[in-house]
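The values are calculated or read from the model by the stated rules, or taken from the named source; none is laboratory data. The shown structure was predicted, so the numbers you read here are calculated from the model rather than taken from an experiment. Don't worry about glycine lacking a Cβ; one is built from the backbone with ideal geometry, like all the others, and counts go over all protein chains shown. For the accessible areas, the whole protein counts, side chains as well, though only heavy atoms, and no ligand, DNA or RNA atoms are used. Shrake-Rupley method; radii C 1.70, N 1.55, O 1.52, S 1.80 Å.
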Amino acid sequence: MNLEFSPEEQAFRDEVRSFIAENYPSDISGSGLRDDLSPEDMVAWHKILGKKGWSVPAWPVEYGGTGWTPTQRYIWSEENARVNAIMPLPFGVSMVGPVIYTFGNDAQKEQHLPGIRSGDVWWCQGYSEPGAGSDLASLKTTAVRDGDHYVINGQKTWTTLAQHADWGFFLCRTDPDAAKPQEGISFILVDMKTPGIEVRPIKLIDGGYEVNETWLTDVRVPVENLVGEENKGWTYAKFLLAHERSGIAGVARSKRAVSQLREIAKAEMLDDKPLMQDFDFARKVSQLEIDLAALEMTELRTLASEQAGKGPGPESSILKIKGTEIQQRLTELTLEAVGHYGTPYYRDLADAGSNEYPIGPDYAQHSAATYFNMRKTSIYGGSNEIQRNIISKMILGL
(Lines give C-alpha, C1' and ligand atoms only; values in the text may rest on other atoms or scores of the structure.)
Protein backbone atom coordinates (compact mmCIF):
# COMPACT_ATOMS: atom_id res chain seq x y z
CA MET A 1 0.00 0.00 0.00
CA ASN A 2 1.48 3.35 -1.09
CA LEU A 3 1.00 5.88 1.69
CA GLU A 4 2.26 8.86 -0.34
CA PHE A 5 -0.24 11.01 -2.21
CA SER A 6 0.45 11.44 -5.91
CA PRO A 7 0.89 14.93 -7.46
CA GLU A 8 -2.66 14.61 -8.82
CA GLU A 9 -3.99 13.80 -5.37
CA GLN A 10 -2.08 16.72 -3.87
CA ALA A 11 -3.64 18.97 -6.50
CA PHE A 12 -7.06 17.57 -5.58
CA ARG A 13 -6.38 18.40 -1.93
CA ASP A 14 -5.57 21.98 -2.89
CA GLU A 15 -8.78 22.22 -4.92
CA VAL A 16 -10.88 20.90 -2.05
CA ARG A 17 -9.19 23.16 0.51
CA SER A 18 -9.79 26.22 -1.66
CA PHE A 19 -13.44 25.33 -2.26
CA ILE A 20 -14.09 24.87 1.46
CA ALA A 21 -12.33 28.14 2.31
CA GLU A 22 -14.38 30.06 -0.25
CA ASN A 23 -17.78 28.42 0.25
CA TYR A 24 -18.20 27.06 3.77
CA PRO A 25 -20.78 29.24 5.58
CA SER A 26 -18.94 31.64 7.85
CA ASP A 27 -21.85 31.99 10.29
CA ILE A 28 -21.95 28.34 11.38
CA SER A 29 -19.43 26.22 13.20
CA GLY A 30 -19.01 22.53 13.74
CA SER A 31 -17.66 23.09 17.23
CA GLY A 32 -21.00 23.09 19.05
CA LEU A 33 -23.34 20.25 19.88
CA ARG A 34 -25.64 19.32 17.03
CA ASP A 35 -28.84 20.33 18.80
CA ASP A 36 -27.40 23.82 19.37
CA LEU A 37 -27.81 24.35 15.63
CA SER A 38 -30.93 25.25 13.72
CA PRO A 39 -32.24 22.79 11.12
CA GLU A 40 -31.19 25.30 8.46
CA ASP A 41 -27.64 25.36 9.81
CA MET A 42 -27.45 21.57 9.83
CA VAL A 43 -28.18 21.33 6.10
CA ALA A 44 -26.56 24.56 4.87
CA TRP A 45 -23.27 22.95 3.82
CA HIS A 46 -25.13 19.97 2.36
CA LYS A 47 -27.09 22.28 0.05
CA ILE A 48 -23.95 24.07 -1.08
CA LEU A 49 -22.33 20.72 -1.84
CA GLY A 50 -25.47 19.58 -3.64
CA LYS A 51 -25.22 22.51 -6.06
CA LYS A 52 -21.52 21.76 -6.59
CA GLY A 53 -22.23 18.05 -7.15
CA TRP A 54 -20.14 16.99 -4.17
CA SER A 55 -22.79 16.00 -1.62
CA VAL A 56 -22.72 12.23 -2.27
CA PRO A 57 -19.09 11.47 -3.19
CA ALA A 58 -19.35 7.74 -2.46
CA TRP A 59 -22.37 7.17 -4.72
CA PRO A 60 -21.99 5.72 -8.22
CA VAL A 61 -21.66 8.37 -10.92
CA GLU A 62 -24.95 7.36 -12.55
CA TYR A 63 -26.80 8.36 -9.38
CA GLY A 64 -25.00 11.67 -8.87
CA GLY A 65 -21.71 10.57 -7.34
CA THR A 66 -18.47 12.41 -8.02
CA GLY A 67 -16.49 9.54 -9.48
CA TRP A 68 -13.75 10.22 -6.95
CA THR A 69 -11.37 7.44 -6.02
CA PRO A 70 -11.43 6.15 -2.43
CA THR A 71 -8.22 8.13 -1.85
CA GLN A 72 -9.89 11.33 -3.02
CA ARG A 73 -12.83 10.63 -0.74
CA TYR A 74 -10.37 10.15 2.11
CA ILE A 75 -8.76 13.51 1.32
CA TRP A 76 -12.23 15.08 1.16
CA SER A 77 -13.02 13.73 4.62
CA GLU A 78 -9.74 15.01 6.06
CA GLU A 79 -10.18 18.50 4.67
CA ASN A 80 -13.70 18.82 6.05
CA ALA A 81 -12.49 17.55 9.43
CA ARG A 82 -9.69 20.11 9.38
CA VAL A 83 -12.26 22.94 9.59
CA ASN A 84 -14.75 20.88 11.62
CA ALA A 85 -17.36 21.25 8.89
CA ILE A 86 -20.95 20.21 9.57
CA MET A 87 -21.28 17.39 7.08
CA PRO A 88 -24.45 16.14 5.37
CA LEU A 89 -26.56 14.08 7.75
CA PRO A 90 -25.85 10.38 7.17
CA PHE A 91 -29.44 9.11 7.19
CA GLY A 92 -30.00 10.00 3.55
CA VAL A 93 -26.49 10.17 2.09
CA SER A 94 -24.83 7.16 3.75
CA MET A 95 -27.76 4.98 4.79
CA VAL A 96 -31.01 4.95 2.84
CA GLY A 97 -29.53 6.41 -0.36
CA PRO A 98 -27.23 3.41 -1.02
CA VAL A 99 -30.09 1.03 -0.18
CA ILE A 100 -32.41 2.74 -2.67
CA TYR A 101 -29.92 2.85 -5.55
CA THR A 102 -28.83 -0.75 -4.89
CA PHE A 103 -32.15 -2.48 -4.14
CA GLY A 104 -34.87 0.04 -5.02
CA ASN A 105 -36.82 0.21 -8.26
CA ASP A 106 -36.52 2.94 -10.88
CA ALA A 107 -39.51 4.88 -9.55
CA GLN A 108 -38.02 4.97 -6.04
CA LYS A 109 -34.67 6.11 -7.38
CA GLU A 110 -36.30 8.87 -9.40
CA GLN A 111 -38.46 10.01 -6.48
CA HIS A 112 -35.95 9.96 -3.63
CA LEU A 113 -32.33 10.23 -4.80
CA PRO A 114 -32.49 13.86 -6.09
CA GLY A 115 -33.81 15.17 -2.76
CA ILE A 116 -31.07 13.33 -0.86
CA ARG A 117 -28.37 14.76 -3.12
CA SER A 118 -29.66 18.33 -2.86
CA GLY A 119 -30.31 18.24 0.89
CA ASP A 120 -33.92 19.30 0.36
CA VAL A 121 -35.38 16.12 1.89
CA TRP A 122 -34.52 15.16 5.46
CA TRP A 123 -34.49 11.45 6.42
CA CYS A 124 -34.61 9.59 9.74
CA GLN A 125 -34.01 5.95 10.65
CA GLY A 126 -36.66 3.69 12.22
CA TYR A 127 -34.68 0.66 13.39
CA SER A 128 -34.34 0.43 17.20
CA GLU A 129 -37.29 -0.32 19.45
CA PRO A 130 -37.62 -0.36 23.26
CA GLY A 131 -37.08 -4.14 23.24
CA ALA A 132 -34.99 -4.40 20.11
CA GLY A 133 -31.73 -2.49 20.06
CA SER A 134 -28.62 -4.61 19.68
CA ASP A 135 -30.96 -7.57 19.16
CA LEU A 136 -32.66 -5.77 16.28
CA ALA A 137 -34.10 -8.97 14.80
CA SER A 138 -36.56 -9.15 17.70
CA LEU A 139 -38.37 -6.00 16.52
CA LYS A 140 -42.16 -5.95 17.01
CA THR A 141 -43.39 -3.15 14.71
CA THR A 142 -45.73 -4.74 12.18
CA ALA A 143 -46.74 -3.92 8.63
CA VAL A 144 -49.89 -5.75 7.55
CA ARG A 145 -50.90 -5.79 3.89
CA ASP A 146 -54.32 -4.25 3.22
CA GLY A 147 -54.97 -4.00 -0.49
CA ASP A 148 -52.49 -1.58 -2.01
CA HIS A 149 -51.27 -0.35 1.40
CA TYR A 150 -49.36 -1.58 4.42
CA VAL A 151 -50.87 -0.71 7.79
CA ILE A 152 -48.01 -0.11 10.23
CA ASN A 153 -48.30 -0.30 14.02
CA GLY A 154 -45.51 -0.13 16.57
CA GLN A 155 -42.95 2.02 18.33
CA LYS A 156 -39.41 3.02 17.42
CA THR A 157 -36.98 4.71 19.76
CA TRP A 158 -33.80 6.82 19.61
CA THR A 159 -35.03 8.19 16.26
CA THR A 160 -32.38 10.84 15.77
CA LEU A 161 -33.66 14.24 14.60
CA ALA A 162 -37.02 12.77 13.57
CA GLN A 163 -38.62 16.05 14.64
CA HIS A 164 -37.23 17.58 11.43
CA ALA A 165 -37.58 14.60 9.10
CA ASP A 166 -39.63 14.58 5.89
CA TRP A 167 -39.21 10.82 5.31
CA GLY A 168 -38.12 7.81 7.32
CA PHE A 169 -36.98 4.29 6.51
CA PHE A 170 -38.46 1.67 8.80
CA LEU A 171 -37.90 -2.00 9.48
CA CYS A 172 -41.24 -3.71 9.99
CA ARG A 173 -42.30 -7.31 10.52
CA THR A 174 -44.40 -8.46 7.57
CA ASP A 175 -44.36 -12.19 8.36
CA PRO A 176 -44.82 -12.91 12.09
CA ASP A 177 -44.68 -16.66 11.43
CA ALA A 178 -41.23 -16.71 9.78
CA ALA A 179 -38.97 -19.58 10.86
CA LYS A 180 -36.18 -17.25 12.02
CA PRO A 181 -36.51 -13.78 13.58
CA GLN A 182 -34.27 -12.30 10.86
CA GLU A 183 -36.78 -13.48 8.27
CA GLY A 184 -40.14 -11.84 7.74
CA ILE A 185 -38.81 -8.27 8.07
CA SER A 186 -39.35 -5.65 5.35
CA PHE A 187 -37.69 -2.31 4.56
CA ILE A 188 -40.35 0.37 4.02
CA LEU A 189 -40.08 4.08 3.18
CA VAL A 190 -42.53 6.23 5.11
CA ASP A 191 -43.61 9.84 4.59
CA MET A 192 -43.33 11.31 8.10
CA LYS A 193 -46.40 13.49 7.47
CA THR A 194 -48.60 10.40 7.18
CA PRO A 195 -51.53 10.38 9.67
CA GLY A 196 -50.87 8.16 12.68
CA ILE A 197 -47.20 9.09 13.18
CA GLU A 198 -46.35 10.79 16.46
CA VAL A 199 -42.81 11.93 17.29
CA ARG A 200 -42.22 12.40 21.02
CA PRO A 201 -38.99 14.02 22.24
CA ILE A 202 -36.58 12.23 24.56
CA LYS A 203 -34.96 14.99 26.57
CA LEU A 204 -31.33 14.26 27.36
CA ILE A 205 -29.66 14.86 30.72
CA ASP A 206 -28.13 18.12 29.48
CA GLY A 207 -31.50 19.42 28.29
CA GLY A 208 -30.82 18.73 24.64
CA TYR A 209 -33.36 17.39 22.16
CA GLU A 210 -31.72 15.14 19.60
CA VAL A 211 -33.52 11.80 19.83
CA ASN A 212 -37.15 10.74 19.88
CA GLU A 213 -39.72 8.04 20.38
CA THR A 214 -41.70 7.47 17.20
CA TRP A 215 -45.17 5.95 17.52
CA LEU A 216 -46.95 4.51 14.50
CA THR A 217 -50.68 3.86 14.87
CA ASP A 218 -52.57 2.46 11.86
CA VAL A 219 -50.19 4.27 9.52
CA ARG A 220 -51.19 3.52 5.93
CA VAL A 221 -48.23 3.39 3.56
CA PRO A 222 -48.51 2.61 -0.17
CA VAL A 223 -47.14 -0.81 -1.12
CA GLU A 224 -44.87 0.85 -3.69
CA ASN A 225 -42.86 2.23 -0.74
CA LEU A 226 -41.52 -1.27 -0.06
CA VAL A 227 -37.84 -1.46 -1.02
CA GLY A 228 -36.85 -4.68 -2.78
CA GLU A 229 -38.73 -7.82 -1.86
CA GLU A 230 -41.14 -8.33 1.00
CA ASN A 231 -39.57 -10.18 3.95
CA LYS A 232 -36.02 -9.49 2.67
CA GLY A 233 -35.51 -6.35 4.74
CA TRP A 234 -32.87 -7.92 6.98
CA THR A 235 -30.56 -8.24 3.96
CA TYR A 236 -30.97 -4.55 3.16
CA ALA A 237 -30.59 -3.60 6.83
CA LYS A 238 -27.23 -5.42 7.05
CA PHE A 239 -26.09 -3.71 3.85
CA LEU A 240 -27.01 -0.32 5.31
CA LEU A 241 -25.30 -1.00 8.64
CA ALA A 242 -22.03 -1.98 6.92
CA HIS A 243 -21.98 1.47 5.28
CA GLU A 244 -22.96 3.17 8.54
CA ARG A 245 -20.29 1.41 10.60
CA SER A 246 -17.51 2.34 8.19
CA GLY A 247 -18.45 6.00 8.55
CA ILE A 248 -18.74 5.87 12.34
CA ALA A 249 -14.95 5.32 12.63
CA GLY A 250 -14.42 9.08 12.12
CA VAL A 251 -10.63 8.88 11.74
CA ALA A 252 -10.18 12.35 10.23
CA ARG A 253 -12.16 14.08 12.98
CA SER A 254 -10.38 12.11 15.68
CA LYS A 255 -7.04 13.27 14.26
CA ARG A 256 -8.24 16.86 14.53
CA ALA A 257 -9.49 16.24 18.08
CA VAL A 258 -6.08 14.86 19.12
CA SER A 259 -4.42 18.06 17.89
CA GLN A 260 -6.92 20.09 19.91
CA LEU A 261 -6.29 17.91 22.95
CA ARG A 262 -2.56 18.57 22.70
CA GLU A 263 -3.18 22.31 22.53
CA ILE A 264 -5.42 22.17 25.59
CA ALA A 265 -2.82 20.11 27.50
CA LYS A 266 -0.18 22.70 26.65
CA ALA A 267 -2.38 25.49 28.03
CA GLU A 268 -3.57 23.75 31.20
CA MET A 269 -1.12 23.62 34.09
CA LEU A 270 -0.31 20.89 36.60
CA ASP A 271 2.18 21.59 39.40
CA ASP A 272 3.32 24.78 37.61
CA LYS A 273 4.04 22.89 34.39
CA PRO A 274 1.95 22.36 31.25
CA LEU A 275 -0.17 19.25 31.60
CA MET A 276 1.39 17.89 28.40
CA GLN A 277 4.67 17.59 30.31
CA ASP A 278 3.11 15.27 32.87
CA PHE A 279 4.46 11.80 32.12
CA ASP A 280 1.27 9.88 32.83
CA PHE A 281 -0.95 12.22 30.78
CA ALA A 282 1.54 12.35 27.90
CA ARG A 283 1.69 8.55 27.91
CA LYS A 284 -2.09 8.31 27.53
CA VAL A 285 -2.11 10.81 24.67
CA SER A 286 0.73 9.00 22.92
CA GLN A 287 -1.00 5.62 23.22
CA LEU A 288 -4.16 7.18 21.81
CA GLU A 289 -2.21 8.52 18.83
CA ILE A 290 -0.65 5.10 18.21
CA ASP A 291 -4.06 3.44 18.23
CA LEU A 292 -5.47 6.12 15.94
CA ALA A 293 -2.60 5.65 13.48
CA ALA A 294 -3.30 1.89 13.42
CA LEU A 295 -6.99 2.58 12.82
CA GLU A 296 -6.10 4.93 9.98
CA MET A 297 -4.05 2.21 8.31
CA THR A 298 -6.99 -0.18 8.65
CA GLU A 299 -9.30 2.38 7.08
CA LEU A 300 -6.84 2.91 4.22
CA ARG A 301 -6.73 -0.83 3.61
CA THR A 302 -10.52 -0.84 3.48
CA LEU A 303 -10.41 2.03 0.98
CA ALA A 304 -7.90 0.10 -1.12
CA SER A 305 -10.31 -2.86 -1.16
CA GLU A 306 -13.13 -0.55 -2.25
CA GLN A 307 -10.92 0.79 -5.02
CA ALA A 308 -10.49 -2.82 -6.16
CA GLY A 309 -14.28 -3.12 -6.41
CA LYS A 310 -15.13 -4.67 -3.04
CA GLY A 311 -17.85 -3.15 -0.88
CA PRO A 312 -17.64 -2.74 2.90
CA GLY A 313 -17.81 -6.12 4.62
CA PRO A 314 -17.32 -7.43 8.15
CA GLU A 315 -14.11 -5.39 8.45
CA SER A 316 -16.40 -2.38 8.93
CA SER A 317 -17.08 -3.85 12.39
CA ILE A 318 -13.38 -3.43 13.24
CA LEU A 319 -13.50 0.22 12.17
CA LYS A 320 -16.64 0.75 14.22
CA ILE A 321 -15.24 -0.79 17.41
CA LYS A 322 -11.86 0.90 17.40
CA GLY A 323 -13.17 4.18 16.01
CA THR A 324 -15.78 4.60 18.74
CA GLU A 325 -13.41 3.49 21.50
CA ILE A 326 -10.91 6.12 20.37
CA GLN A 327 -13.62 8.79 20.25
CA GLN A 328 -14.62 7.98 23.80
CA ARG A 329 -11.04 8.02 25.06
CA LEU A 330 -10.54 11.39 23.37
CA THR A 331 -13.48 12.93 25.19
CA GLU A 332 -12.32 11.36 28.47
CA LEU A 333 -8.83 12.85 28.13
CA THR A 334 -10.25 16.23 27.10
CA LEU A 335 -12.47 16.28 30.18
CA GLU A 336 -9.49 15.26 32.30
CA ALA A 337 -7.39 18.04 30.77
CA VAL A 338 -9.87 20.87 31.44
CA GLY A 339 -10.37 19.65 35.00
CA HIS A 340 -12.85 21.63 37.11
CA TYR A 341 -13.69 23.90 34.17
CA GLY A 342 -15.58 21.01 32.67
CA THR A 343 -18.00 20.81 35.61
CA PRO A 344 -20.26 23.88 35.06
CA TYR A 345 -22.50 23.49 32.05
CA TYR A 346 -25.14 26.01 31.05
CA ARG A 347 -26.82 25.27 27.76
CA ASP A 348 -28.27 28.77 27.43
CA LEU A 349 -24.93 30.60 27.59
CA ALA A 350 -23.07 31.86 24.52
CA ASP A 351 -24.56 29.43 21.94
CA ALA A 352 -28.03 30.86 22.47
CA GLY A 353 -26.84 34.42 21.97
CA SER A 354 -26.42 35.35 25.64
CA ASN A 355 -23.96 38.14 26.45
CA GLU A 356 -22.75 36.07 29.41
CA TYR A 357 -19.85 33.69 29.02
CA PRO A 358 -19.21 30.29 30.55
CA ILE A 359 -16.77 29.78 33.36
CA GLY A 360 -13.27 28.94 32.16
CA PRO A 361 -11.72 28.91 28.69
CA ASP A 362 -13.82 28.46 25.56
CA TYR A 363 -12.39 25.01 24.87
CA ALA A 364 -13.84 23.74 28.15
CA GLN A 365 -17.40 24.82 27.43
CA HIS A 366 -18.67 21.62 25.78
CA SER A 367 -16.17 19.14 27.22
CA ALA A 368 -18.51 17.51 29.75
CA ALA A 369 -21.55 17.53 27.47
CA THR A 370 -19.52 16.01 24.63
CA TYR A 371 -18.08 13.38 26.96
CA PHE A 372 -21.53 12.22 28.05
CA ASN A 373 -22.97 12.42 24.53
CA MET A 374 -20.18 10.24 23.14
CA ARG A 375 -21.03 7.39 25.52
CA LYS A 376 -23.59 6.37 22.89
CA THR A 377 -21.09 5.74 20.09
CA SER A 378 -20.23 2.23 21.26
CA ILE A 379 -23.95 1.38 21.19
CA TYR A 380 -25.48 2.87 18.05
CA GLY A 381 -24.87 1.32 14.63
CA GLY A 382 -24.83 -2.05 16.39
CA SER A 383 -23.23 -2.27 19.84
CA ASN A 384 -19.53 -3.06 20.01
CA GLU A 385 -20.31 -6.36 21.73
CA ILE A 386 -22.38 -7.39 18.71
CA GLN A 387 -19.58 -6.23 16.38
CA ARG A 388 -17.16 -8.58 18.15
CA ASN A 389 -19.60 -11.43 17.53
CA ILE A 390 -19.68 -10.50 13.83
CA ILE A 391 -15.88 -10.48 13.65
CA SER A 392 -15.59 -13.84 15.41
CA LYS A 393 -18.11 -15.40 13.03
CA MET A 394 -17.44 -13.72 9.67
CA ILE A 395 -13.69 -13.10 9.87
CA LEU A 396 -12.32 -15.65 12.34
CA GLY A 397 -14.80 -18.39 11.44
CA LEU A 398 -15.56 -19.23 15.08
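Assorted remarks:
- The range 182-263: C-alpha gyration tensor shape, a/c 1.5 cut-off, then a/b vs b/c: oblate
- Near the amide H of Cys124, within less than 5 Å, lie the amide hydrogens of Trp167, Gly168, Phe169, all on another chain or at least 5 residues away, with H placed in the peptide plane.
- Computed log₁₀ I(q)/I(0) - Debye formula, equal Cα scatterers, no solvent, the range 29-182, q 0.09 Å⁻¹: -0.36
- Cut-off 15 Å between beta-carbons: net charge of the residues surrounding Thr157, Lys and Arg +1, Asp and Glu -1: 0
- In order along the range 182-199, the phi-based Karplus estimate (6.51 cos²θ - 1.76 cosθ + 1.60, θ = phi - 60°) of 3J(HN,Hα) comes to 6, 8, x, 10, 10, 9, 10, 8, 10, 5, 6, 8, 5, x, x, 9, 10, 9 Hz; Gly and Pro are listed as x.
- For Thr157, the residues whose modelled amide H falls within less than 5 Å of its own, excluding neighbours fewer than 5 places apart on the same chain, are Ser128, Glu129, Thr214.
- When the Gaussian network model of the chain links Cα atoms closer than 10 Å, the mean-square fluctuations of Lys273, Lys284, Lys376 top out at Lys273.
- Count of lysine pairs in the range 201-294 with Cα separation under 18 Å (8 or more residues apart, or interchain): 4
- Surrounding net charge for Thr141, when Lys and Arg each add one and Asp and Glu each subtract one, Cβ distance under 11 Å: +2
- Value of Rg/Rh across the range 95-228 [Cα atoms, Kirkwood radius]: 0.96
- Whole-number accessible area per residue in Å² for the chain, which is evaluated in the context of all protein chains at 1.4 Å: 48 Å²
- Straight-line reach from Lys47: taking Cα to Cα under 22 Å and skipping same-chain neighbours fewer than 8 places apart, the lysines in range are Lys109.
- Antiparallel %, DSSP beta bridges [both residues in the range 48-196], to 5: 70 percent
- Accessible-area composition of the range 94-183, carbon plus sulfur, in percent [1.4 Å probe]: 47 percent
- Mean projection area, nm², convex hull over Cα of the chain: 21.3 nm²
- The residues neighbouring Ser186, those whose beta-carbon lies less than 9 Å from its own, together hold a net charge of -1 under the Lys/Arg +1, Asp/Glu -1 convention.
- Estimated from helical segments only, the mean residue ellipticity of the chain at 222 nm is -13500 deg cm²/dmol, where each DSSP H run of four or more residues counts as -39500 (n - 2.57).
- Between the helical axis of 70-82 and the longest alpha-carbon principal axis of the chain there is an angle of about 60 degrees.
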